[in-house]
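Report on one structure; see the data block that follows.
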Amino acid sequence: MQKYLADILTLTRLILSTAMIVLAVTGGAVSASFVMFVLAELTDSFDGTCAKRWPFPAGKEPKYRKYAVKYDMFADMLLWFAAVLTLTLRINLAAGLIVMFGTAIICGLIELIVYGRMFGHPDNCSPRSLCARNFVVAKRIIMMRRWFYLATIVMVAAWILVATEWGELVKIIVFASGLLILAFLWFFLKQRRQHISRDAVELEDKLTKKAQQ
């Protein structure tokens, strides 16, 4: 059962994100959307860790695991979209549209520059991409994008929290607790923040050896 935990967490994120979209469209409680968002973000923090800790035996992975990176990426994108949609439809239309299109344009350009394609990874980048030609610089740009994405998520989450019907004291406590949890996860998941993907180190070694030849 443990080896399926990572997939269960990712599936949970998909379900929670979908529920947030439904609440945003139907005018559901913002507080419910915020709780779902927090739970979904926690699944995102630990599904990769669980996959590494309890992997499937070699050669015995289910067929769907072949696409694990893709559906994990889709779950992340759906959660981000659900949060921004909540901001757009339930809180502030102008702010939501600016965040949605601004983030999409910036991240899209970075994807094309670094990987040579949309939704790329170090293990499937284009031969002419920055990732294939200069991995060190590409990695720095991707890490900058992660900082930008993190700042956007924190800002949207804080906006949603402020829009809940909770009292001011509760909002302050929740916000402070969220910052503490975020700091803990940042230091706890050290490997997650250092590497772009599980193949990043291997690819960097290959490119370095190739350049030295």
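Each reported figure results from applying straightforward, stated rules to the coordinates on display, with no laboratory input. Since the model is a prediction, treat every value here as computed from it, not as a measurement. Reconstructed Cβ throughout: ideal geometry from the backbone, glycine too, with neighbour counts over all protein chains shown.
Measure of size requested: the Rg and Dmax of region 28-75, with Cα atoms as the atom set and Å as the unit; please supply both.
Rg, Dmax (Cα atoms, Å): 14.4, 46.
For every helix of n ≥ 4 consecutive DSSP H residues, a contribution of -39,500 (n - 2.57) applies; sum these over the chain, divide by its total residues, and give [θ] at 222 nm rounded to the nearest 500 deg cm²/dmol.
Details: 9 runs with 159 residues, N = 213.
My calculation for the chain gives -25000 deg cm²/dmol from helical runs alone.
Kindly count the pairs of lysines across region 2-212 whose alpha carbons are less than 26 Å apart, treating pairs on different chains or eight or more residues apart as eligible.
26
Please work out how much length the chain gains when fully extended from residue 158 to residue 60, using 0.36 nm per residue of separation minus the C-alpha to C-alpha distance, in nm with one decimal.
In short, 31.0 nm is gained.
Could you list, by residue number, the cysteines of the chain that have no other cysteine's beta carbon within less than 4.7 Å of their beta carbon?
So far as the 4.7 Å Cβ criterion goes, 50, 107 stand without a partner in the chain.
Report the residues of region 33-52 in range of a label on residue 2: point 7 Å along Cα→C-beta, backbone N strictly under 16 Å from it.
47-52
Where Rh is the Kirkwood radius over the Cα pairs of region 1-84, the temperature 4 °C and the viscosity 1.567 mPa s, what D in µm²/s does Stokes-Einstein return?
The diffusion coefficient I find is 97 µm²/s.
If each residue's Cβ is checked for other Cβ atoms within 10 Å, how do 171, 66 rank with the fewest at the top?
So the residues, fewest neighbours to most, are 66, 171.
Would you order 65, 140, 90 from fewest to most other beta-carbon atoms within 10 Å of each residue's own beta-carbon?
Fewest-to-most ranking of 65, 140, 90: 140, 65, 90.
Between residue 172 and residue 19, what is the label-to-label distance in nm when each label sits 7 Å out along the Cα-to-Cβ direction?
3.0 nm
What does the charge dipole of region 6-101 about its Cα centre add up to, to the nearest 20 debye, if the Cβ of each Lys and Arg holds +1 and the Cβ of each Asp and Glu holds -1?
The dipole of region 6-101 has a size of about 300 debye.
Which one, 84, 5, 126, is farthest towards the positive end of the dipole of the chain when Lys and Arg carry +1 and Asp and Glu -1 on their Cβ?
Result: 126, furthest along the dipole toward the positive end.
For region 2-212, with only Lys/Arg (+1) and Asp/Glu (-1) charged at the beta-carbon, what is the dipole magnitude about the Cα centre, in debye rounded to 20?
860 debye
May I ask which residue of 154, 15, 75 lies farthest towards the positive end of the charge dipole of region 2-212, with charges of +1 (Lys, Arg) and -1 (Asp, Glu) on Cβ and the Cα centre as origin?
75
Can you give the translational diffusion coefficient of the chain in µm²/s, computed by Stokes-Einstein from the Kirkwood radius over Cα pairs at 10 °C and 1.306 mPa s?
Roughly 85 µm²/s, to the nearest whole number.
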